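K.L.:
First the structure, which I've put down as structure tokens, then a few questions once you've had a look.
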Amino acid sequence: MNPHHRARALVLLAAVSLVAAACGGDEAAPGSTVAPDTVSILSAAAEAMGSVDTVRFSIERGGAPVFIDIGAALGDLLEFKAAEGRFAKPDSADALVTVNAGGFNTQVGALAVDGRIWLSFLGSDWQPAPPSYQFDPASLFDPDQGFRQLFIDGLDDVSLLGEEERDGIATYHIRGAAGEERVEVITASLVKDQGVDLDAWIDRKTGRLVDAFFTTQVNDGTATWTLTFRDYGADVAIEAPDLEAGG
């Protein structure tokens with residue numbers, strides 16, 4: 001794997017929408033709970049993932065540095081630190097990404113609508129992303145390649161580790177081995193050619209993904225990835241910028 005993890009996207013992680021999410025819209029019926037076995041949990045998570053309307057997400061990267069490539073605007077390579085963003089059905093996402101340049105943290109805006117991507121550097125107007133920045137963060141929620149597909153067939157040797165409360169949400173804690181192709185998708189190409197052991201916390205009532213955690217190996221050591229997903233079904237509106245108006 002490239003030691004700098006040259007990525008064509010800032011967001012995951014979206015981000016890495018970062019890597020993952022689950023259903024917006026109707027809540028589960030009062031008192032209903034996903035059955036406490038891995039088959040039922042994965043099935044519920046996949047169904048929730050496929051019906052997501054809106055979600056707010058965050059990604060934090062710790063440990064060994066991971067770099068992204070955003071072109072010459074800020075010096076080509078920047079260390080990815082964190083991202084906070086939103087997704088809106090069917091294929092729109094935005095994020096505020098924290099990066100480190102020359103020892104100083106700064107923030108870059110990223111916006112994706114209908115397959116087009118724009119960036120905003122240091123509060124400047126939106127501008128089309130450079131050719132090296134090709135990944136659409138909304139694809140993290142694509143039902144055929146994103147987190148839904150991860151829960152359908154992207155995890156092996158899945159085990160249920162128990163029931164835990166995460167930020168006041170009752171969850172099932174599961175762990176499984178994710179293959180390198182699926183890891184590349186859910187990390188917006190920040191991680192390539194590497195499978196991981198992924199921990200996921202699934203809402204016991206709705207099947208929604210609440211948190212996810214995994215580590216990756218880079219030449220300088222181990223990088224940690226923490227993803228959170230909240231406010232499913234919140235009022236989110238994401239629109240393409242009006243470049244002619246200087247937006």
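All of the numbers you see were taken from the coordinates with simple rules; none came from a lab. Treat the numbers as computed from the prediction; the structure is a model and nothing was measured.
K.L.:
Over the stretch 111-247, what is the relative contact order in percent, taking alpha-carbon pairs closer than 8 angstrom and at least six residues apart?
P.N.:
Relative contact order, the stretch 111-247: 17 percent.
K.L.:
Right, something else. Across 5 Å bins from the origin, how do the percents of Cα pairs in the stretch 150-232 run, short distances first?
P.N.:
Bins of 5 Å from zero give 3, 14, 25, 25, 17, 11, 4, 1, 0 percent of pairs.
K.L.:
At q = 0.09, 0.17 Å⁻¹, what log₁₀ I(q)/I(0) does a Debye calculation on the Cα points of the stretch 91-229 give, no solvent, two decimals?
P.N.:
Debye curve over Cα of the stretch 91-229, log10 I(q)/I(0) at q = 0.09, 0.17 Å⁻¹: -0.33, -1.08.
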